[in-house]
Amino acid sequence: MGAHGSNLDNILAEDMHHWYNKFMRESPSGLITLFELKAMLGLQGMSEEANSYVDQVFFTFDMDGDGYIDFVEYIAAVSLLFKGEVNQKLKWYFKLFDQDGNGKIDKEELETIFKAIQDITRSNEVPPDEIVTLIYEKIDLKGEGELTLEEFVSGVREHPDIMEMLTKMMDLTHVLEIIVEGRQEAV
């Protein structure tokens, strides 16, 4: 990861008191709303898919479902994304991809998320439908057109190329850096 990784390691190594002070400077109420998160990250004028993706990310971080991200949820999300075990990350990805909450990911849900990620990152190297086809060819062994949590986690773990692709696509390092840099400017 080079200098980029060491910057994140330094950010994550800061003590909780320091993180708390940064969080409270950015959000004096102690809570971040979806609107505030989008404003903080400069995410205006997005496509419908990209907007839906950001909403889904917010709601997966809002662990108690109250419509706000508090400090504990914020630290849990940061820890999961940057220091979490593979299975924890895969479970989070699954929750993010399962837009209708039915416990299964279908091709349409996955393609919608990948389109949104590409809209936000401006990276269109591989079309989303090709990514979805690759994933389902390798993981959907029963050919049902949908994946359960167990199928998704075991399938991705068995295919390092898919794990690498998902890790690269789901890298939210830039989000954390924007938040930290924005807070440092406010100091």
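The values are calculated or read from the model by the stated rules, or taken from the named source; none is laboratory data. From a predicted model like this one, the values you see are computed outputs, not experimental measurements. We place every Cβ from the backbone using ideal geometry, glycine too, and count neighbours over all the protein chains shown. Note: accessible area is taken over every heavy atom of the protein model, side chains too, but ligands, DNA and RNA are not part of it. Shrake-Rupley method; radii C 1.70, N 1.55, O 1.52, S 1.80 Å.
The table below gives the values:
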| quantity | calculated |
| --- | --- |
| Subset of segment 100-118 (residues that are modelled with pLDDT of 85 or more and among the polar types (S, T, N, Q)) | N102, T112 |
| Test for V54: is it among the hydrophobic types (A, V, I, L, M, F, W, C) and surrounded by fewer than 18 Cβ atoms within 10 Å (Cβ to Cβ) | no |
| A39 modelled with pLDDT under 80 and farther than 25 Å from D129 by Cα | yes |
| K115 open to solvent by 60 Å² or more (accessible area, probe 1.4 Å), basic (K, R) and farther than 22 Å from R157 by Cβ | yes |
| Residue check for D106: of a type in the set (D, E) and free of Cβ contacts under 8 Å to residues at least 60 places away in the same chain | yes |
| Failed item in (1) open to solvent by 70 Å² or more (accessible area, probe 1.4 Å); (2) at pLDDT 70 or above; (3) assigned to a helix (DSSP H, G or I), with S29 passing the rest | (3) |
| Identity of the residue in segment 72-106, over 13 Å from the mean Cα position of the chain (by Cα) and of a type in the set (G, A, S), that ends up least open to solvent (accessible area, probe 1.4 Å) | G103 |
| Within segment 119-140, considering residues that are in a loop (DSSP other than H, G, I, E, B) and exposed (fewer than 12 other Cβ atoms within 10 Å of the Cβ), the one modelled with the highest pLDDT | E125 |
| Cβ-Cβ under 8 Å pairs, at least 6 apart or on other chains, segment 64-87 side more than 18 Å from F23 (Cα to Cα) and part of a helix (DSSP H, G or I), far side modelled with pLDDT under 75 and of a type outside the set (V, I, T) | K83/L12 |
| Residues located in segment 143-180, provided they are within 22 Å of Y53 (Cβ to Cβ), open to solvent by 50 Å² or more (accessible area, probe 1.4 Å) and either part of a loop (DSSP other than H, G, I, E, B) or modelled with pLDDT under 70 (or both) | D171, H174, I178 |
